[in-house]
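Below is one structure; the comments refer to it alone.
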Amino acid sequence: MAVYKVFIANKIDLQLYAICFFMIFLSCKNEGVYKIGTYNVRYDNKTDDESGRSWKERSSHVTDLIKKYDLDIFGVQEPFYNQINDMASSLPEYKRFGVSDDNKPNSKSNHHHDIFYKSEKFSLESHGQFWLSPGAPILPPDSLYTAAWGGKAKVCTWGKFKDKAANAEFFIFNTHFYYANENTRINSAKLVLKKIKEIAGDLPAMFMGDLNLNQHSDAYKVLNDSNLLEDSYNLAESKLPLNKLNYHQTFNHWYLYPKPRADIFERIDYIFVTNHWKNKVKSNAVIWDSYVENDIEKMTSDHNLVLIELDEL
């Protein structure tokens, strides 16, 4: 049986985490709060099997994490179609939508960037996708691997949701920026801003994903310095774990603890929000939960789940 743990170095750490977890736990009971997540779940890489990180083993722990934090809506990055099916089967209270980067059924070589949502709480009013490539095509470009300003064109998935009880509507956009080309990321950020304005109009929106850029990059500035979006991390009343900046990095490299470097405070997984949410972000949490399988402690992915809690509109 897998056992989840958190990383405790001393009694002070224990007290800090207890406070953080208690805050999150209490909010699980709160009415009028949305819990939104972004999670790069790591693709089904067969070389991971040799190092004891196979998707077959991790799958149940990934979905256990979603259940534990009781997410309302979350976007995923990187899974192949078989992983999407595994997650959907284990999360029957959620519905999902999305396509792979190559838009092929049962794609085994391209990633999905799907959005999962609690169907009892939300209705999906409309949805679609566009590719991060000049002109934002709604089908993948023929030259997929060079079509994004010299880099790979990734798909951006979007959905318009209605809160059934509150009768409020909002949009969520989810993607995964190409990792190997800075110019691709900068232009992708500009295109995302344009498409959010075009698709969402004046309605509230969130933009999430593994953006493969840190908070000091030019592409980050394109997004966060715009008049449209702001990083929820900057708006959050609480940044969890409290008073531990090194635990706010989101790419864990499979380490159980933050990587041992001086420049450790870097984030690459984000949830940006429009001004409608500006005073409503209660917390931004980077989740460092692990599991134990056959007496070995492991991470569920090489990225941490990023979870924000915000008041309903």
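Taken together, the values in this text are just the output of simple stated rules run on the coordinates, not laboratory data. What you see is a predicted model; the values in this text were computed from it and never measured. Cβ: placed from backbone, ideal geometry, glycine included. Neighbour counts: every protein chain shown.
Structure above, values below:
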quantity: Taking only Cα atoms of the stretch 238-313, radius of gyration then Dmax in Å; calculated: 14.2, 47
quantity: GluC sites (Glu not before Pro) within the stretch 99-183, DSSP loop, no more than 16 other Cβ atoms inside 10 Å; calculated: Glu120
quantity: Three-way shape label, the stretch 76-223, alpha-carbon gyration tensor, a/c 1.5; calculated: oblate
quantity: Prolate/oblate/rounded label for the stretch 74-146 (Cα gyration tensor, a/c 1.5); calculated: oblate
quantity: Pairs of alpha carbons in the stretch 26-87 whose separation is greater than 13 Å (percent); calculated: 65
quantity: Fluctuation leader among Pro134, Pro204, Pro92 - the chain, Gaussian network, Cα springs under 10 angstrom; calculated: Pro92
quantity: Kirkwood hydrodynamic radius over Cα pairs of the stretch 11-311, then Stokes diffusion coefficient at 20 °C and 1.002 mPa s, in µm²/s; calculated: 111
quantity: Unit charges on C-beta of K, R, D, E only; dipole of the stretch 11-311, Debye; calculated: 360
quantity: DSSP-defined antiparallel bridges as percent of all bridges, the stretch 11-311, nearest 5; calculated: 80
